[in-house]
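Got a structure for you, questions after.
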Amino acid sequence: MRADGLAGGHDGADRLAELIPAALRGMAAGVAERGGPIPAGGPAAVAAALMAEHGENATADVGFDPAGGPAADGAGRTESPEVTASGALPRHGVGAEAALEELSRLLAAGSADPADPACAAHLHCPPLAVSVAADVVASALNPSMDSWDQAPVASELEREFTAGIARLCYPGAREPDAVVTTGGTESNLLGLLLARERGTVQAVCGANAHHSVARAAWLLGLPAPIVVPCAGDRMLPGALAEVVSPRTVVVATAGTTNTGTLDPLPEIAEICRRAGARLHVDAAYGGTALCSDALKAKLAGLDLADSVALDLHKFGWQPVAAGLFAAREAADLAALTVRAEYLNADDDTEAGLPDLLGRSIRTSRRPDAFRMAVTVRALGTEGLGALVERCCATAAAVAEDVERHPGLRLWGPPELSTVVLRPVVADEAGGDELVARVRRALLEAGTAVIGRAALPTGPGGADQLWLKLTLLHPHATADGYRPLLDRIAATAGAELVAGRESPVAS
């Protein structure tokens with residue numbers, strides 16, 4: 001079969017039906033080959049395995065003769081190894097089915113698998129199958145969301161979906177709006193950009209804020225953010241009140257990266273209101289709790305913000321990227337307006353063609369709203385909220401198990417789905433260096449992918465290193481995590497002994 005067949009058009013669906021099984025066969029073989037949440041051996045082992053695989057492919061492609069030189073082709077020409085001996089850029093193709101099965105196997109065998117409950121280091125969710133299937137259709141049809149004539153229905157679906165997201169964030173606002181982004185980093189950039197266009201010159205954030213806030217200020221030519229102290233990974237309102245002014249934008253966090261904690265949004269919003277400051281809330285992690293009747297009270301005060309960042313590739317179970325940015329006043333988004341004659345000419349806009357270029361800071365962009373809309377259509381906001389509730393309930397139960405575990409110490413009860421813990425032996429002897437070694441030992445063994453967080457819990461408020469489990473698997477249970485807790489404690493003990501016996505340590 002031809003490898004250069006198209007995915008769209010009259011025959012596109014048929015060609016995809018032929019190719020997708022090859023990709024899935026390769027994926028299944030790779031998952032079985034890996035056998036755990038991540039390939040064992042660490043970066044060097046993964047790179048060596050890939051080089052070995054590509055080396056075999058490259059040798060076969062070049063066709064070395066027994067004498068050690070490149071073989072001549074049918075016309076008597078020889079190929080240079082420097083030109084052809086590359087698994088990534090071969091001179092001659094192997095065909096679509098073979099390439100898909102081979103590289104899909106490689107990717108699956110060498111990937112961290114967020115669908116494995118022991119892959120719990122980051123805000124990296126296992127995507128729902130319905131979303132991935134929708135993504136195949138979107139990729140095949142390939143609407144480009146920078147002009148209506150490239151994306152007629154995709155643009156209308158995006159408009160309807162983002163209007164719903166805006167209303168979810170701002171149920172009482174007169175005219176809210178939302179746009180699609182690549183994630184929290186871009187959304188936080190937009191939050192500061194819109195504030196700057198309204199005259200803001202200084203960002204203020206908690207010590208718990210995502211690193212993208214400082215990066216956004218730098219990109220926009222603003223001063224470095226004023227950092228407000230935190231307690232329990234929450235911004236202190238009293239400290240905030242001392243630094244806000246009418247020319248500041250406060251960035252609060254609803255679901256911190258380290259602990260999943262939420263800032264006190266009502267108090268922060270009131271301080272901003274009294275000072276005439278703008279408020280942006282980074283709810284990339286916790287925002288989807290709005291879909292849960294049981295959890296949405298945690299986000300009280302969110303609707304008082306001028307803008308909000310959300311990520312459905314966290315608590316939304318979407319493939320990356322699936323970011324959203326909501327504004328309480330649609331007029332604020334006018335700051336994104338730009339004119340390009342070939343995309344949104346004035347006369348076209350006046351004639352009724354929607355202006356899509358002003359819906360993003362990007363030009364060409366994928367129809368990411370499509371798979372988000374399909375997912376919400378399939379589950380409803382109630383179904384999505386139920387998945388969030390499951391993860392949070394699992395985290396609460398895992399935290400109770402940590403508290404009962406003789407070899408582990410709990411940082412505090414989880415507010416969302418992040419459980420922060422520390423081996424007891426680290427406090428007794430090994431310290432932060434032992435905690436770091438435990439994480440790497442589990443990673444290199446291919447046993448588990450767990451995160452790390454530096455938190456001010458040491459003497460005098462000094463940072464200490466903690467381990468964290470970010471639980472985003474909606475079907476995992478606390479029972480399934482007990483063996484992992486035992487493994488963490490056992491690994492800490494083994495690493496402590498190994499450190500004492502090491503010649504370097506002595």
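Tell me, in nm to one decimal, what length is gained between His124 and Glu156 on full extension, where the rule is 0.36 nm per residue of separation less the Cα-Cα distance? Write down the numbers at each step before the final one.
Working: separation 32, 0.36 × 32 = 11.52 nm, distance 2.88 nm.
Between His124 and Glu156, full extension yields 8.6 nm more.
Within the chain, what is the longest stretch that has no trypsin sites (Lys or Arg not before Pro) placed in a DSSP loop and near at most 15 other beta-carbon atoms within 10 Å? Write down the numbers at each step before the final one.
Numbers: sites that count: Arg2, Arg77, Arg91, Arg174, Arg198, Arg247, Arg339, Arg362.
Segment 363-506 is the longest.
Under 8 Å for C-alpha pairs, at least 6 residues apart: give me the relative contact order for the chain, rounded to a whole percent.
On the way: 962 pairs, mean separation 88.4, N = 506.
So the answer I get is 17 percent.
Using the heavy atoms of the protein chains and a 1.4 angstrom probe, tell me the accessible area per residue for the chain in square angstrom. Write down the numbers at each step before the final one.
Numbers: 23360 Å² over 506 residues.
For the chain, the per-residue accessible area is 46 Å².
Right, next: Is the shape of the range 279-325 best called rounded, prolate or oblate, per the rule: a/c under 1.5 gives rounded, else a/b larger than b/c gives prolate, else oblate, with a ≥ b ≥ c the square roots of the Cα gyration tensor eigenvalues?
Working: a/c = 3.17, a/b = 1.26, b/c = 2.52.
Here the range 279-325 falls in the oblate category.
Of the accessible area of the range 267-337, with the probe set at 1.4 angstrom, what percent is carbon plus sulfur? Numbers along the way, then the final one.
On the way: 1090 of 2140 Å².
C and S atoms contribute 51 percent here.
Answer rounded, prolate or oblate for the chain, using the Cα gyration tensor with square roots of eigenvalues a ≥ b ≥ c: rounded when a/c is under 1.5, else prolate when a/b is larger than b/c, else oblate. Provide the component values of the computation, followed by the final result.
Details: a/c = 1.89, a/b = 1.11, b/c = 1.70.
Judged from the Cα gyration tensor, the chain comes out oblate (a/c at least 1.5, b/c at or above a/b).
Name the residues whose placed amide hydrogens come within less than 5 Å of the amide hydrogen of Val244, ignoring near sequence neighbours (fewer than 5 apart) on the same chain.
Amide H neighbours of Val244: none.
Hey, can you grab everything whose amide H is under 5 Å from the amide H of Leu279? Only 5+ residues off in sequence or another chain; H modelled, so Pro and N-termini drop out.
For Leu279, whose amide H was placed from the backbone, the distant partners under 5 Å are Val250, Asp306, Ser307.
Please list, in chain and number order, the residues 5+ apart from Thr253 or on another chain whose amide H is under 5 Å from its amide H, with Hs placed from the backbone.
Asp263, Asp282
So, counting K/R as plus one and D/E as minus one, what does the shell of residues with Cβ under 14 Å around Pro39 add up to?
Values: positive: Arg34, Arg105; negative: Glu33, Glu53, Asp113, Asp116, Glu444.
Charge balance in the 14 Å sphere: -3.
Which one, Thr288, Thr337, Leu324, projects farthest toward the positive side of the charge dipole computed for the range 288-343 from Cβ point charges (K/R +1, D/E -1)?
The residue sitting most towards the positive pole is Thr288.
By its C-alpha gyration tensor, with a ≥ b ≥ c as the square roots of the eigenvalues, how is the range 268-416 shaped: rounded for a/c under 1.5, else prolate for a/b larger than b/c, else oblate? Spell out each step's value before the answer.
On the way: a/c = 2.84, a/b = 1.81, b/c = 1.57.
It comes out prolate by the Cα gyration axes.
Given Val180, Pro143, Val388, which one lies farthest toward the positive end of the charge dipole of the chain, if we put +1 on the Cβ of every Lys and Arg and -1 on the Cβ of every Asp and Glu?
Val388
Ok, one more. Whole angstrom only: what separates the Cα centroid of the range 387-443 from the Cα centroid of the range 218-264?
When both Cα centres are located, 26 Å separates them.
Within the range 93-142, which GluC sites (Glu not before Pro) sit in a loop by DSSP and count at most 14 neighbouring Cβ atoms inside 10 Å? Working shown, then result.
Details: sites: Glu97, Glu101, Glu102; in loops: none.
Here no loop site has a sparse enough neighbourhood.
What number in nm² do you get for the range 394-448 if you take the convex hull of its Cα atoms and divide its surface by four?
Numbers: hull surface 16.5 nm².
Value for the range 394-448: 4.1 nm².
What does the charge dipole of the chain about its Cα centre add up to, to the nearest 20 debye, if the Cβ of each Lys and Arg holds +1 and the Cβ of each Asp and Glu holds -1?
Roughly 1240 debye for the chain.
The values are calculated or read from the model by the stated rules, or taken from the named source; none is laboratory data. Since the structure is predicted, the reported quantities are computational estimates derived from the model, not experimental observations. Don't worry about glycine lacking a Cβ; one is built from the backbone with ideal geometry, like all the others, and counts go over all protein chains shown. Heads up: the accessible areas ignore ligands, DNA and RNA and are worked out on the full protein's heavy atoms, side chains in. Shrake-Rupley method; radii C 1.70, N 1.55, O 1.52, S 1.80 Å.
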